[in-house]
Amino acid sequence: MRMGAVKNVVLLASGLALAGLGGCATPPPASDPDAVAEFNQANDPLEPTNRVLYEVNTGLDTLVLRPLALGYTWVLPQFVRTGVHNVLNNLDSPVLLANDMLQTKPRRAGDTLMRFVINTTFGLGGIFDVATDWGYPYHDAGFGQTMALWGVPEGPYLFLPILGPGSPRDTSGYGVDVVLDPLTWVGLNNRTVATAGYIRYGVTLLDVRAGLFDSLDKATAQALDPYATERSLYRQHRDSEIEAVRADTRATTPAWFAAPATH
């Protein structure tokens, strides 16, 4: 969810860019069924526009984001970056909890609540992820994911500068996540809190970008078509996240209650 807050900051500008470019891919002729099947599987009717925005994003990443993320990893040692990452995850807990409940996943909601209580207290405000060691691992949850479980279609593939790959369902879901975040409302009439919120978004962007050095960067660097590779990786990752939630059918009663004896 953390990138949802960042995405909301530049969503309007990205939408204007999409409207201005407005290029659509031309479907292949029906006489070529293999090409038609590939076109439908890609589900990328805005591919010409998306590719232009992808190139814009590559330039921004090369000149700004990647150097800043490299500086972030060079200045701060790993244990400090881990603490920052943990705090950011902890701040997301109210939004995760809301989505866990909307997804009708009570055990996941219980895990999120326990993580927040344990890490806020014993983890010193979330700096240390004590909850994972105590049997409550982190899981992500956003309204885009929630809508997927409700059966809302994904829609066509979208690529937005700075924000990366997505879909109409996920992009609108990020906006709802921002509304669900209590910190969004706390800073409305307080300049200091609002400034802290923007700092949080900036640090989130650095944290996310730094986490891509060993995964996405290597995958796209070796790809013949980095755009298509990133599109495929995004879809695979997103589908696996949604399926993991759908497959989580744990009973409401936690396992640490002893089962009643049978006679």
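Only the coordinates and a few stated rules stand behind these numbers; no lab work does. Please read all numbers here as calculations on a predicted model, not as lab measurements. Backbone-built Cβ (ideal geometry, glycine too); neighbour counts: all protein chains shown.
Summarising the label geometry, the points placed 7 Å from Cα in the beta-carbon direction at Val56 and Ala194 lie 2.6 nm from one another. Summing charges over all other residues whose Cβ lies under 11 Å from the Cβ of Trp134, with Lys and Arg as +1 and Asp and Glu as -1, gives -2.
Overall, the anisotropy analysis places region 48-115 in the oblate class: the square-rooted eigenvalues a ≥ b ≥ c of its C-alpha gyration tensor yield a/c not less than 1.5, with a/b not exceeding b/c. Over all other residues within a Cβ to Cβ distance under 12 Å of Asp248, the charged ones net out to +1, with Lys and Arg as +1 and Asp and Glu as -1.
The chymotrypsin sites (Phe, Trp or Tyr not before Pro) found in region 113-165 that occupy coil by DSSP, while having at most 12 further C-beta atoms within 10 Å, are Phe122, Trp150. In a fully extended conformation the segment linking Leu224 and Asp248 would gain 5.0 nm over its present Cα-Cα distance, using 0.36 nm per residue. Across region 111-257, Cα pairs under 8 Å and at least six residues apart give a relative contact order of 15 percent. For region 145-206, the gyration tensor built on C-alpha atoms gives an oblate shape. Its axis ratio a/c (a ≥ b ≥ c) is at least 1.5, and a/b is not larger than b/c. Extension gain for Gln41-Gln236 works out to 68.9 nm (0.36 nm per residue, less the C-alpha to C-alpha distance). Reducing region 204-226 and region 83-134 to their Cα centroids gives an inter-centroid distance of 26 Å.
Stretched out straight at 0.36 nm per residue, the stretch from Val117 to Leu70 would grow longer than its current Cα-Cα span by 13.6 nm. Apply the a/c threshold of 1.5 to the C-alpha gyration tensor of region 89-171 and tell me whether it is rounded, prolate or oblate. It comes out oblate by the Cα gyration axes.
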